[in-house]
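K.L.:
One structure is given below, represented as structure tokens, and several questions about it will come after.
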Amino acid sequence: MPKILIDIMPAKGHFHATLKIATKLKEEGYDVVYGSHNYLKNEIEKFGFKFFPLPLLSVVKVTFRVRFSRLHRIATFFYWFISQEKLLKTMGDIQDFQETIEEINPDMVLLDEQEVLKSLFYDTDKTKIIAFQTKPDTRKINGIPPFTSYYLPKENIFNKYYCNLLWLLQLFGYKSSYAINRFLTFRQDNFSILKQIGKRLNFNLREKTDINRSFGVGVKNIPRIVISPAGFDFPHPEKEGVFRIGPLINIQREGKINQPRYGNLLNRLESAENDKSFIVYCSLGTVTSKFETVVKKFFKKISKVAGLNPDCVFIISTGKDFDISELFPAPGNLFIFDYVPQVELLQYCDLMITHGGMNSITECIYNNVPMLVYPLSPRWDQPGNSARTVYHGLGLRGRIKRDSVKSISQKLNKIKSNYHSYQKNVKAIKDKFEENNNSDQILEIVKSILNQ
């Protein structure tokens, strides 16, 4: 059977989002292997898949943000002036990458949309490529705001024009940031380096790429699998070459952890179910190190919210990058962990306070848990996911920097007082999800593209 390489961004959420796809393909007889950074090696091999460490290509991380210190600009100037070391190093990395891919020898690559610029360095005459993304479709769709927007589409004649304005503003920001980055780095930014590489490798970067989308730079004319569920999205017609197969989620993916404190918590939660306590779980995902100050302040607010709501049981999962001692002393109804098996824990919970990552939202829906969404990053899909949560009546949302302890508590209690209505809406979306969660459509897509 053909060999399929799943080339993913080194993030656990992206691996978990592809796990059921990989399992289905493996069960069908395909030779399925993963490629990524060594950070994911143990996690991937734990589920029985072969792992290949892929050389990092930092040049494919094209972002539209201006953040250069004066010292950095001076250093960059001399770095450029003295030599073309960055270009030469990048060319060496690309050669190492291509040699590794040649060793793996895949017939098809499922390539993470967030690293889709890697497709420029695959031998597409030999290897079929499908981009997959865990977010809604990143490209511009009429009447739908960019997924980095908090805006809720309305059913009126002004909606289309307002969405177009949001897209214009975003694209203007992208283009101006690109121009500024190019100037500040003396054309040593990643996009400029890619253009130079294109000349050496005989491709025109501008002809192949597309920035008319919500998130970075895309590549034209590649079929796309969107894992983000259609039932959770704003209603819209799909673009050509897009396959909506989500969610394909392995809701049983995690096991228990052998911590006496966690065992005691589960006993407490089982008792809480009997005495009808309202159980609130709070997590801001696994990528919190870049937002240390914001995360710390928010968790401290949640601790105070717990103190204001003694009839509720609160659990915070801080992530490995957070010092738990920052939250002590804590109210008696607050339990703090650096990690919990989220899928298992959600079975006991009535509400999740979440950053709005797609995996967490999907897991909440499968466990019939309404949400209070506080997007952590304004540049990812979390603002758009918060808008979709409100649009479908699955919960409420707030602004992580602005909302006070009182405001968070009020939103929590608003959900609590209208709980059956929110839970009914969650159940309706879950029913839509179930229609696709065991779909064999991924097998049909792979077969058809391999046979082209």
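Table: residues versus (1) more than 17 Å from the chain's Cα centre (by Cα); (2) at pLDDT below 95; (3) in a helix (DSSP H, G or I).
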| position | (1), (2), (3) |
| --- | --- |
| Gly285 | no, yes, no |
| Lys297 | yes, yes, yes |
| Ser325 | yes, yes, yes |
| Pro331 | yes, yes, no |
| Leu345 | yes, yes, yes |
| Gly356 | no, yes, no |
| Val369 | yes, no, no |
| Pro378 | no, yes, no |
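Here is a yes/no grid of residues against (1) out of contact with any Cys (no Cβ under 7 Å at 6 or more places or on another chain); (2) of a type outside the set (Phe, Trp, Tyr); (3) in a strand (DSSP E or B); (4) in contact (Cβ under 8 Å) with a residue 12 or more places away in the chain:
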position	(1), (2), (3), (4)
Pro310	yes, yes, no, yes
Tyr339	yes, no, no, yes
Met352	no, yes, yes, yes
Gly384	yes, yes, no, yes
Leu396	yes, yes, yes, yes
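K.L.:
For Tyr339, all conditions in the list (1) under 15 Å from Ile316 (Cα atoms); (2) surrounded by 22 or more Cβ atoms within 10 Å (Cβ to Cβ) hold save one; what is the number of the exception?
P.N.:
(2)
K.L.:
Of the residues in region 194-225, how many are under 24 Å from Lys154 (Cβ atoms) and not in a loop (DSSP other than H, G, I, E, B)? Can you show your working first?
P.N.:
Quick first cut of region 194-225, residues under 24 Å from Lys154 (Cβ atoms) only: 212-215.
Checking which are not in a loop (DSSP other than H, G, I, E, B) leaves us with 213.
Total satisfying the criteria: 1.
K.L.:
Mind checking whether some residue in region 261-278 is closer than 25 Å to Val313 by Cα, part of a strand (DSSP E or B) and modelled with pLDDT of 80 or more?
P.N.:
If we filter region 261-278 for residues that are closer than 25 Å to Val313 by Cα, which is where we start, we get 261-278.
Pick out the ones that are also part of a strand (DSSP E or B) and you get 278.
After this cut, where a residue has to be modelled with pLDDT of 80 or more as well, the list is 278.
Within region 261-278, one or more residues are closer than 25 Å to Val313 by Cα, part of a strand (DSSP E or B) and modelled with pLDDT of 80 or more.
K.L.:
For region 194-226, name all the residues that are within 17 Å of the chain's Cα centre (by Cα) and at pLDDT 85 or above. Lay out the reasoning, then the answer.
P.N.:
Kept after step one, since they are within 17 Å of the chain's Cα centre (by Cα), are these residues of region 194-226: 213-218, 224-226.
The answer is Gly218, Arg224, Ile225, Val226.
K.L.:
If you check Phe234, Phe314, which single one turns out to be modelled with pLDDT of 90 or more and within 30 Å of Ser439 (Cα to Cα)? Give the derivation first.
P.N.:
Working: Phe314 fails: within 30 Å of Ser439 (Cα to Cα).
It is Phe234.
K.L.:
Additional query: Report yes if Leu169 is within 26 Å of the chain's Cα centre (by Cα) and surrounded by fewer than 19 Cβ atoms within 10 Å (Cβ to Cβ), otherwise no. Give the derivation first.
P.N.:
Numbers: within 26 Å of the chain's Cα centre (by Cα): yes; surrounded by fewer than 19 Cβ atoms within 10 Å (Cβ to Cβ): yes.
Answer is yes for this residue.
K.L.:
Go through region 309-333 and report how many residues are surrounded by 15 or more Cβ atoms within 10 Å (Cβ to Cβ), out of contact with any Gly (no Cβ under 8 Å at 6 or more places or on another chain) and within 25 Å of Arg399 (Cβ to Cβ).
P.N.:
Of the residues in region 309-333, 10 are surrounded by 15 or more Cβ atoms within 10 Å (Cβ to Cβ), out of contact with any Gly (no Cβ under 8 Å at 6 or more places or on another chain) and within 25 Å of Arg399 (Cβ to Cβ).
K.L.:
Ok, one more. Testing Asp350 on (1) acidic (Asp, Glu); (2) out of contact with any strand residue (DSSP E or B) (no Cβ under 8 Å at 6 or more places or on another chain); (3) modelled with pLDDT of 90 or more, one condition comes back false. Which one is that?
P.N.:
(2)
K.L.:
Scan region 1-44 residue by residue and report those that are in contact with a strand residue (DSSP E or B) (Cβ under 8 Å, 6 or more places away or on another chain) and farther than 24 Å from Pro247 by Cβ.
P.N.:
Met1, Pro2, Lys3, Asp31, His37, Asn38, Lys41
K.L.:
If Tyr122 passes every condition in (1) more than 30 Å from Leu450 (Cα to Cα); (2) hydroxyl-bearing (Ser, Thr, Tyr); (3) modelled with pLDDT of 85 or more but one, which one does it miss?
P.N.:
Only one criterion in (1) more than 30 Å from Leu450 (Cα to Cα); (2) hydroxyl-bearing (Ser, Thr, Tyr); (3) modelled with pLDDT of 85 or more is unmet by Tyr122, namely (1).
K.L.:
Might you check whether a residue that is surrounded by fewer than 22 Cβ atoms within 10 Å (Cβ to Cβ), farther than 21 Å from Lys290 by Cβ, at pLDDT 90 or above and over 23 Å from the mean Cα position of the chain (by Cα) occurs anywhere in region 397-404?
P.N.:
There is at least one residue in region 397-404 that is surrounded by fewer than 22 Cβ atoms within 10 Å (Cβ to Cβ), farther than 21 Å from Lys290 by Cβ, at pLDDT 90 or above and over 23 Å from the mean Cα position of the chain (by Cα).
K.L.:
Since Val116 meets every condition but one in (1) touching an Asp or Glu at 6+ places or on another chain (Cβ under 9 Å); (2) outside any loop (DSSP other than H, G, I, E, B), which condition does it not meet?
P.N.:
(1)
K.L.:
Quick check on region 398-428: of everything there that is touching a residue at least 60 places away in the same chain (Cβ under 8 Å) and touching a Pro at 6+ places or on another chain (Cβ under 8 Å), which residue is nearest to Thr127 (Cα to Cα)?
P.N.:
Result: Val426.
K.L.:
Can we say Asp311 is acidic (Asp, Glu), over 26 Å from the mean Cα position of the chain (by Cα) and under 21 Å from Gln410 (Cβ atoms)?
P.N.:
Details: acidic (Asp, Glu): yes; over 26 Å from the mean Cα position of the chain (by Cα): yes; under 21 Å from Gln410 (Cβ atoms): yes.
Yes; evaluated as a whole, the condition is true for this residue.
K.L.:
Could you look through region 1-57, keep only residues that are small (Gly, Ala, Ser), under 17 Å from the mean Cα position of the chain (by Cα) and part of a helix (DSSP H, G or I), and pick out the one that is nearest to Leu110 (Cα to Cα)?
P.N.:
Ala17
K.L.:
Okay, next question. Among the residues of region 405-441, which ones are farther than 17 Å from Asp350 by Cα and more than 25 Å from the chain's Cα centre (by Cα)? Working first, answer last.
P.N.:
As a first pass, look at region 405-441 and keep what is farther than 17 Å from Asp350 by Cα: 405-407, 431-441.
Answer for region 405-441, where residues must be farther than 17 Å from Asp350 by Cα and more than 25 Å from the chain's Cα centre (by Cα): Val405, Lys406, Ser407.
K.L.:
Kindly provide the set of residues from region 93-116 that are out of contact with any Phe, Trp or Tyr (no Cβ under 8 Å at 6 or more places or on another chain) and over 24 Å from Lys447 (Cα atoms), ordered by number.
P.N.:
Asp93, Gln95, Asp96, Glu99
K.L.:
Looking only at region 129-150, decide whether some residue is more than 20 Å from Val390 (Cα to Cα), modelled with pLDDT of 85 or more, among the small types (Gly, Ala, Ser) and touching a helix residue (DSSP H, G or I) at 6+ places or on another chain (Cβ under 7 Å).
P.N.:
Looking through region 129-150, at least one residue is more than 20 Å from Val390 (Cα to Cα), modelled with pLDDT of 85 or more, among the small types (Gly, Ala, Ser) and touching a helix residue (DSSP H, G or I) at 6+ places or on another chain (Cβ under 7 Å).
The values are calculated or read from the model by the stated rules, or taken from the named source; none is laboratory data. Just so it is clear, the structure is predicted and the values come from calculations on it, not from any experiment. Every residue, glycine among them, receives a Cβ derived from its backbone with ideal geometry; neighbour counts consider all protein chains shown.
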